[in-house]
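What follows is a set of notes on a single structure, which appears directly below.
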Amino acid sequence: ESFYQSIAAARRYLAKALYTDLAGHEEVIASCIGHTHIDVAWWWTVAQTREKVCRSFATVLKLMDEYPNYKFMSSQPQLYYFLKQRYP
């Protein structure tokens, strides 16, 4: 019984410490953010990688048009460089 009481106490503590104090919210908020990871040095050629980058980012732009709240991120600067070279 004391084990289950400790779980309830831990939940209350975490709810306050994480959601109320740290995040500023009492309710849990979840966000979904689109992401692409393209391996630049994978089984395909660099030329194919460049094409994949353009197609992937074009798809993202279509999704942004269709869904105004759509969020996207890419953490690979090389992909932005390829894109800028092809579509300045």
Any residue in the range 33-57 that is closer than 30 Å to N69 by Cβ sitting within a Cβ distance under 7 Å of a residue that is basic (K, R)? List the pairs, counting only those 6 or more apart or interchain.
I33/K71; G34/K71; I38/K52; R50/R86; C54/R86
Restrict the check to the range 33-40 and report whether at least one residue is polar (S, T, N, Q), closer than 14 Å to L79 by Cα and over 19 Å from the mean Cα position of the chain (by Cα).
no
Pairs where the first residue, in the range 66-88, is in contact (Cβ under 8 Å) with a residue 24 or more places away in the chain and the second is aromatic (F, W, Y), C-beta under 7 Å, 6+ apart:
L83/F57
Residues of the range 64-73 being outside any helix (DSSP H, G or I) and either charged (D, E, K, R) or not assigned by TED's automatic domain parsing to the domain that holds V40 (or both), in sequence order, are K71
Just to be sure before I move on: is A41 assigned by TED's automatic domain parsing to the domain that holds Q85, part of a loop (DSSP other than H, G, I, E, B) and of a type outside the set (S, T, Y) in the structure I sent?
yes
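Per-residue answers, yes or no, for (1) in a loop (DSSP other than H, G, I, E, B); (2) charged (D, E, K, R); (3) surrounded by 10 or more Cβ atoms within 10 Å (Cβ to Cβ):
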residue: C32; (1), (2), (3): yes, no, no
residue: A47; (1), (2), (3): no, no, no
residue: K62; (1), (2), (3): no, yes, yes
residue: S75; (1), (2), (3): yes, no, no
residue: Q78; (1), (2), (3): no, no, yes
residue: L83; (1), (2), (3): no, no, yes
residue: P88; (1), (2), (3): yes, no, no
Flagged in the range 39-73 as among the hydroxyl-bearing types (S, T, Y) and closer than 18 Å to P88 by Cα, in numbering order, are T49, S56, T59
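The values are calculated or read from the model by the stated rules, or taken from the named source; none is laboratory data. These figures come from a predicted structure and were not determined experimentally. Glycine gets a Cβ as well: all are built from the backbone with ideal geometry, and neighbour counts include every protein chain shown.
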